[in-house]
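Structure, as structure tokens:
The values are calculated or read from the model by the stated rules, or taken from the named source; none is laboratory data. Here the structure is a predicted model, which is why all the values come from computation and not from measurement. Cβ placement follows ideal geometry from the backbone for every residue including glycine, while neighbour counts extend to all protein chains displayed.
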Amino acid sequence: MSARADLDHLRRSQRLDLAAVELDYEGFRALAANPHLSAHEKIGFPDAYREGFEQAILTDICAKLPMLREAEGRTVVDIGPGCAALPRMLVDLCRDRRHRLVLVDSPEMLALLPDIDGVTLKQPGLFPKNAAAVRETAASPADALICYSVLHYIYIDSNLFDFVDATVNLLAPGGQALIGDIPNVSKRRRFFATERGQAFHRQFTGSTEPHEVRWAEPCPGKIDDAVLLGLMQRAQGAGCDAYLLPQPAGLPMANRRDDLLIVKP
């Protein structure tokens, strides 16, 4: 069971077991300030989980939000971009397509991202608590909203129905929100119950012991099928369409993560 780490330890330690720490907004602020960590480690990932995958991730995001590459001069909001290569690639894309990009994260994370006149706007704070400020900074409804590898951390700090409500309120008519790379404990259980999943576990851990899958066990604080279906229904009840989408097999955690797409008619 992971536990909250001492914030000073997160700010200063040269060696962190990120899997053993329950990260939240304040924890990520501390990681962003740690000079010993790589950009991937500052956003909670070992380097092997993200290094070299960013272009494939961005390609998948653009396939699900085609407006990013097919349109020009739109308003894009990125909730929790972090500070690694992916948001920098998104900044470059938005500059090329003349989009206005609102980056929403802690002050410490935002300070690590480039400032480009006419392209990047920065709104510090925890979403959805700062949703009104995000909308004011954007100065117009969002044509596209991205929240990638972040929802499970928002779950620790906020009510996810509030997150969906704020997301829907931010979207322009015809706007789309991609809440991507969501760890789904139900999908994880289904995968590890298969022989393919057991083989994956043996290869990943180096263990010859079978991985025990516990079905009838609650997972407090974890996102599962029921949570995702509830979020879809919340968006649908607010007048939007909502879809649960798979990730391409080439992405690093596609076998146990889902993407949620919300579309405002």
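Just a few scattered comments:
- Residue 108 free of Cβ contacts under 8 Å to residues at least 24 places away in the same chain, of a type in the set (Asp, Glu) and in a helix (DSSP H, G or I): no
- Yes/no for residue 58 being under 17 Å from the mean Cα position of the chain (by Cα), part of a helix (DSSP H, G or I) and under 26 Å from residue 172 (Cβ atoms): yes
- Yes/no for residue 44 being over 24 Å from residue 221 (Cα atoms) and in a loop (DSSP other than H, G, I, E, B): no
- Leading residue by the ranking (farthest from residue 171 (Cα to Cα)) among those in region 190-246 that are basic (Lys, Arg) and more than 20 Å from the chain's Cα centre (by Cα): 202
- Some residue of region 115-133 being of a type in the set (Asp, Glu), assigned by TED's automatic domain parsing to the domain that holds residue 58 and either buried (at least 18 other Cβ atoms within 10 Å of the Cβ) or not in a helix (DSSP H, G or I) (or both): yes
- The single condition among (1) touching a residue at least 12 places away in the same chain (Cβ under 8 Å); (2) in a loop (DSSP other than H, G, I, E, B); (3) among the acidic types (Asp, Glu) that residue 217 does not meet is (1).
- Single residue of region 162-172 satisfying the filter (surrounded by fewer than 20 Cβ atoms within 10 Å (Cβ to Cβ) and within 10 Å of residue 238 (Cβ to Cβ)) that is nearest to the chain's Cα centre (by Cα): 165
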